[in-house]
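Okay, structure first, notes after.
The values are calculated or read from the model by the stated rules, or taken from the named source; none is laboratory data. Computed from a predicted structure; not experimentally measured. Here the Cβ is made from the backbone with ideal geometry for all residues, glycine too, and neighbour counts use every protein chain on show. Just so you know, the surface numbers come from the protein's heavy atoms only, side chains and all, with ligands and any DNA or RNA stripped out. Shrake-Rupley method; radii C 1.70, N 1.55, O 1.52, S 1.80 Å.
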Amino acid sequence: QVQLVESGGGLVQAGGSLRLSCAASGRTFSSVAMGWFRQATGKERAFVASISRSGASRVYADSVKGRFTISRDNAKNTVYLQMNSLKPEDTAVYYCATTRNYAMVVAASYDSWGQGTQVTVSS
């Protein structure tokens, strides 16, 4: 079991940037692929990005391609989500989670979840 703690959320104006972090403890971090999801009020949890165990491979949702970058530092047991050119529709609670296969884009394929961090983008 991996314990996950997200941080870095906040309030930002449209066009701005934020970097989310997800610190992991427990099981060997480098043995799991990681993903970021988000959930806006009244909507289902949606896939944002994922990264393989080594960090060599990534998948992005179409809505964030070219604006968001997922990365990981296995020495620090941390995965990041750099978010640029933020839009009001990016407003949501952002969650990180573990998975066996980085290519998975549905929440049901992810195991351990963090508590989430709120991102609010004002227009």
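The table for this structure:
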item: Identity of the residue in segment 94-105, among the aliphatic types (A, V, I, L, M) and surrounded by fewer than 18 Cβ atoms within 10 Å (Cβ to Cβ), that ends up farthest from Arg38 (Cα to Cα); result: Ala103
item: Some residue of segment 11-19 being open to solvent by less than 40 Å² (accessible area, probe 1.4 Å), under 11 Å from the mean Cα position of the chain (by Cα) and under 19 Å from Gly116 (Cα atoms); result: no
item: Criterion (under 15 Å from Cys22 (Cα atoms), more than 12 Å from the chain's Cα centre (by Cα) and open to solvent by 70 Å² or more (accessible area, probe 1.4 Å)) met by exactly one of Ala108, Ala75, Ala56; result: Ala75
item: Residue in segment 89-98 that is hydroxyl-bearing (Ser, Thr, Tyr) and within 16 Å of Val2 (Cα to Cα) present; result: yes
item: Arg45 being in contact (Cβ under 8 Å) with a residue 60 or more places away in the chain and in contact with a helix residue (DSSP H, G or I) (Cβ under 6 Å, 6 or more places away or on another chain); result: yes
item: Options Val64, Val79; residue that is in contact with a strand residue (DSSP E or B) (Cβ under 8 Å, 6 or more places away or on another chain) and outside any strand (DSSP E or B); result: Val64
item: Among the residues listed as Ala46, Ala75, the single one being at pLDDT below 95 and not acidic (Asp, Glu); result: Ala75
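This table checks each residue for (1) over 21 Å from Val105 (Cβ atoms); (2) among the charged types (D, E, K, R); (3) without any contact (Cβ under 8 Å) to a residue 12 or more places away in the chain.
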| residue | (1), (2), (3) |
| --- | --- |
| Met34 | no, no, no |
| Ala49 | no, no, no |
| Lys65 | no, yes, yes |
| Leu81 | no, no, no |
| Lys87 | no, yes, no |
